[in-house]
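The values are calculated or read from the model by the stated rules, or taken from the named source; none is laboratory data. Note that the structure is a prediction, hence the values are computed from the model and not measured. Virtual Cβ from ideal backbone geometry, glycine too; neighbours counted across all protein chains shown. For the accessible areas, the whole protein counts, side chains as well, though only heavy atoms, and no ligand, DNA or RNA atoms are used. Shrake-Rupley method; radii C 1.70, N 1.55, O 1.52, S 1.80 Å.
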Amino acid sequence: MSATVGYDDSPSQKQFSVELKSDTLKGLVNIISALVDEVKFSITPEGMTLKAVDAAHVAMIEVKVDKGAFESYYAEDCEIGLDLDKVKGVLKLASGVDLMRMEQDPSTGRLVFKIGNITREMAVLDPSSFSDPKVPDLHLKANIGISVDELKRGISAADTISDHITMKANPERFELSCEGDTDSVSLSVEKSALVDLSTDSEVCSMFPLDYFSNIIKAVPGGTVINIELDNDYPMKLLFGIADKHVSVNYLLAPRIESE
């Protein structure tokens, strides 16, 4: 997928101009780029949304950003494709307290970033080259509310053990475990130490560790993550950032072991 300099699809009718804290944009980009490098934002007067699936179709992310995440926000209905590596380059020019302005140049269609006295213009990607994946409507048996810091501890312990991680929940506890050829590790959290635990029966599924690790490491410390599980079903991770003005729904396919 290549950038199109001056991509123009009636840009005079497709404009937006927003101002936000660089930390907010950095947090958003870190989470999305844990899965994909290029993404299409669908923009409305009320906020932005995106849906993306990784190339292997193992995981999917849906992000909704309401206009409360911004210091100022003006937008008409439009779609913009972005190369997130380029956006990361822009973010290196800003400190966490800096305000950034993003706007689309109506004459060129380019995205313009303004940070202090620095202006960076960026070619956008053709939004028609992106797919529009459908988010499955899953109703899973178990819901676990847990601090991301607890999950990061479990991942750190599991990183060198195996490529896959098993998650298990029953009415009393939530368990995360890894089993390698010679070693094993587990993190067990009692219901009383969780933010939430709701299930009528035991559920258990195995997932690829790298996908799970990448998204968890991108989530800011102190965030509460809601994990939804079922036996051999995709896992849902739901959480909010930027004072919950950004909501994330991350789905990860299970690894089904053959008999």
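Odds and ends about this structure:
- Residue pairs, from the table K67/K152; K40/K236; K88/K141, whose Cα atoms sit over 27 Å apart: K67/K152; K88/K141
- For the chain: accessible area per residue (Å², 1.4 Å): 49
- Here the simple spin-label model places points 7 Å from the Cα toward Cβ, and for S192 and S129 these points are separated by 5.7 nm.
- A cut-off under 13 angstrom between Cβ atoms defines the neighbours of V195, and their net charge, with Lys, Arg +1 and Asp, Glu -1, is -3.
- Database remark: amide H of Q15 closer than 5 angstrom to the amide H of E76 (H placed geometrically; neighbours at sequence offset of 5 or more, or on other chains; Pro and chain starts carry no H).
- Near E103, once Lys and Arg are set to +1 and Asp and Glu to -1 for all other residues with Cβ below 11 Å from its Cβ, the sum equals 0.
- A quarter of the convex hull surface defined by the alpha-carbon atoms of region 117-200 gives 11.0 nm² as the mean projection.
- 10 Å beta-carbon shell around K141, net charge (K/R +1, D/E -1): -4
- Where a label projected 7 Å from the Cα of T182 along Cα→Cβ would reach, residues of region 131-173 with amide N under 15 Å: 160-162
- Rg and Dmax [Cα atoms of region 20-133; Å; Rg one decimal, Dmax integer]: 13.7, 42
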